[in-house]
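Only one structure is covered here, and it is reproduced in the block below.
The values are calculated or read from the model by the stated rules, or taken from the named source; none is laboratory data. This one's a predicted model, so the numbers in the text were calculated from it and none came from an experiment. A quick note on method: Cβ atoms are made from the backbone with ideal geometry, for glycine too, and the neighbour counts reach across all protein chains shown.
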Amino acid sequence: MRPWPRPRTDGPIDLAQRFRDFAHREVNGNSPLYHRRALEIAEDPAVLALIAALPTAKQQPNLVLAAARVHGAIAVPYRDFREQLITHWPSIAATALTRRTQTNEAGRAATLLPVLARLPGPLSLIEVGASAGLCLYPDRYSNRYGALALDPADGPSSVVLRCTTTGAVPIPQRLPEVVHRAGVDLNPLDAADIRDREWLEALVWPGQDDRLSRLRDACAIAAANPPTLVTGDLNERVAELVDAAPGDSTVVVFHSAVLTYLPSAAREGFIAAVRTLPCHWVSQEGTGVIAEFTDRVPVRDSGRARMVLAVDGEPVAYAGPHGQSLDWFGPA
């Protein structure tokens, strides 16, 4: 019999709830397969013990499931998937240890666009936690807000972002002019590199064929006009990226679902530092990630995951995690 690794003392119980939360808050209604799979893993002590042997930061359901897909654990019946997972666990664990959940969702550009387009152009965009930098191209994607269509100046894009809206969303009449694209990441990905693209594709949830197609098209746009991506800690490198931006542009530092992965001290340090830089700050993070927003956003009537969109420290909307919705509560 295969010896199971000894789990951490709080591992299986907390980890099981982590997979249940992932099932109910994130993939429910978005990926039926991942919804079932996460709930099944939550009830499987042996598989939980394998995952619990990883460092806590590497126990993320999305990371583990993506690593499993890379190494062929893709069977639909859970019994077969479980066997594949156990058989290939050394390789799966190695990938989880070396990779990150760098879900580079171009769709988030649709929820960023209304606030970016309000700023005086031309824009220099700097993304922290940039992954492959796919959110740095809001001027190169087509957007559909209900019946309203916004396309690049040279015509419709291969990437079409569809976003439902509520409230007085300040939908722009034209896309902004972007003259500079840069970013920082602990492990920047290259949209032109096949292995990096394969990892990004593995992070797309099963059944989301539109997201997968969009990712591939967005990678093609980024590969044709690569951004400037630097390797390093965002707290250590964001200031130099701001300084390097063209002086005749409006500099915007932004991030989506990034601060949640930072320790609280590093998170607070970044927030304090970015406010001192000569730039605008646009954040798009999960509810509760930026503590000062907690009492400044309306109560939600849904338990599903949402991000809080804010400009220069002022919350203005709830955004769908993949840019699929924008519920505006800020000023018009």
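Determine if segment 278-287 includes at least one residue that is closer than 22 Å to R18 by Cα and of a type in the set (G, A, S). Checked against the condition, which is being closer than 22 Å to R18 by Cα and of a type in the set (G, A, S), segment 278-287 yields at least one hit.
Please give the strands (runs of 3 or more DSSP E) falling wholly within segment 80-156 in which 1 or more residues are assigned by TED's automatic domain parsing to the domain that holds R211 and among the charged types (D, E, K, R). It would help to see each step written out before you state the result.
Numbers: elements: 123-128, 142-145, 148-150.
Of the strands (runs of 3 or more DSSP E) lying wholly inside segment 80-156, those with at least 1 residues that are assigned by TED's automatic domain parsing to the domain that holds R211 and among the charged types (D, E, K, R) span 123-128, 142-145.
Out of the residues in segment 106-161 that are under 30 Å from F270 (Cβ atoms) and among the aromatic types (F, W, Y), state the one that is surrounded by the fewest Cβ atoms within 10 Å (Cβ to Cβ). Can you show your working first?
Taking segment 106-161 and keeping what is under 30 Å from F270 (Cβ atoms), we get 106-141, 143, 159, 161.
Checking which are among the aromatic types (F, W, Y) leaves us with 137, 141.
Numbers: Y137: 21, Y141: 27.
That would be Y137.
Applying a threshold of 7 Å to beta carbon distances and a minimum spacing of six or more residues, or different chains, the list of pairs starting in segment 112-127 at a residue that is in contact (Cβ under 8 Å) with a residue 24 or more places away in the chain and ending at one that is of a type in the set (G, A, S) and not in a loop (DSSP other than H, G, I, E, B) reads I126/A182; I126/G183; E127/G183.
Out of the residues in segment 174-196 meeting the condition of being without any contact (Cβ under 8 Å) to a residue 40 or more places away in the chain and not β-branched (V, I, T), tell me which one is farthest from D217 (Cα to Cα). Of everything passing the filter in segment 174-196, R195 is farthest from D217 (Cα to Cα). Note on segment 235-245: residues that are farther than 20 Å from P138 by Cβ and either of a type in the set (V, I, T) or touching a helix residue (DSSP H, G or I) at 6+ places or on another chain (Cβ under 6 Å) (or both) total 1.
Among the conditions (1) at pLDDT 95 or above; (2) crowded, with 21+ Cβ neighbours inside 10 Å; (3) under 19 Å from D312 (Cα atoms), A239 misses just one, which is (2).
Return the total of residues in segment 22-36 being part of a helix (DSSP H, G or I), in contact (Cβ under 8 Å) with a residue 40 or more places away in the chain and in contact with a helix residue (DSSP H, G or I) (Cβ under 7 Å, 6 or more places away or on another chain). It would help to see each step written out before you state the result.
Residues of segment 22-36 that are part of a helix (DSSP H, G or I), as a first pass: 22-27, 32-36.
After this cut, where a residue has to be in contact (Cβ under 8 Å) with a residue 40 or more places away in the chain as well, the list is 22, 24-27, 32-34, 36.
Keeping just the survivors that are in contact with a helix residue (DSSP H, G or I) (Cβ under 7 Å, 6 or more places away or on another chain) gives 22, 27, 34.
Here the count works out to 3.
Scanning segment 1-27 for residues that are modelled with pLDDT under 90, of a type in the set (S, T, N, Q) and within 27 Å of V204 (Cβ to Cβ) turns up nothing.
Does segment 35-53 include one or more residues that are at pLDDT below 90 and within 22 Å of V204 (Cα to Cα)? No, there is no match, as no residue in segment 35-53 is at pLDDT below 90 and within 22 Å of V204 (Cα to Cα).
Restricting attention to segment 157-179, the residues being touching a Ser or Thr at 6+ places or on another chain (Cβ under 9 Å), part of a loop (DSSP other than H, G, I, E, B) and closer than 26 Å to R300 by Cα number 2.
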